[in-house]
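Report on the structure given below.
The values are calculated or read from the model by the stated rules, or taken from the named source; none is laboratory data. Predicted model, so just to flag it, every value in this text is computed and none were measured. Side chains are part of the model used for accessible areas, which takes the heavy atoms of the whole protein and leaves out ligands, DNA and RNA. Shrake-Rupley method; radii C 1.70, N 1.55, O 1.52, S 1.80 Å.
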Amino acid sequence: MVDNNNNIGASGAANHDEDGAMMKEQDQLLPIANVGRIMKQILPPNAKISKEAKETMQECVSEFISFVTSEASEKCRKERRKTVNGDDVSWALGALGFDDYTAPLRRFLHRYREKEGERISSSANNNNENNQDKANNNTEDQQQRILLNHPHIQRPNFNKGSSTTGL
C-alpha cells in the first residue's frame, strides 16, 4: 500500500512518521505476540499456528486498523477536530461497508461510557465522604478536576502537528 505522501505503507519496509523520521515496519504493526494470542483464543487448545500465519494476520489486522482509522481521521479533519473517538471509528466502519460491526461497537462504547461514568462518580463520592467539609463548598470543582485528570478521558491536543488518532 502506498499512502498519499508516497511513503510505503504497512506492507512495505518503512514509512515516515509525522516528523518525517523513518519508522521500522515492526513499529507500524501490532505486536505479533498479541496477534497470536488473539488467534489462539478462537482455535481448539491443541491447534498450532505457523509463524507465517501469524505474520500474515499481523499485517492484515494492522492494515485494517489503519484503513478504518484513516477514514475516521478524515471525518475529524473535515469537522476541524483533532481527536478521533469511538463514535468516529463506529461511523468509519459503517461508511466503509462494515455495517455488521457498527452495532456491537456502539453497544460496547455505551457500556464502557456507563462504567467510566459510574467509576468517576464513585471516585467523586469517595472524595466527598473523606473531605466532607471541603467538598460541600467545592463539589463541582472537584468533579471537574477528577474528569480533567482522568487518564482515559480524551482531551484536545492543541500542539501543532499533533496526531489525530487518539485511539
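List of remarks:
- Subset of the range 70-82 [open to solvent by less than 50 Å² (accessible area, probe 1.4 Å) and not charged (D, E, K, R)]: 72, 73, 76
- Taken over the range 90-123, the criterion of being aliphatic (A, V, I, L, M) and at pLDDT 95 or above is satisfied by 92, 93, 95, 96.
Rundown of residues vs (1) open to solvent by less than 80 Å² (accessible area, probe 1.4 Å); (2) at pLDDT below 95; (3) among the β-branched types (Val, Ile, Thr), yes/no style:
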| residue | (1), (2), (3) |
| --- | --- |
| 17 | yes, yes, no |
| 25 | yes, yes, no |
| 31 | yes, yes, no |
| 44 | yes, yes, no |
| 52 | no, no, no |
| 62 | yes, yes, no |
| 68 | yes, no, yes |
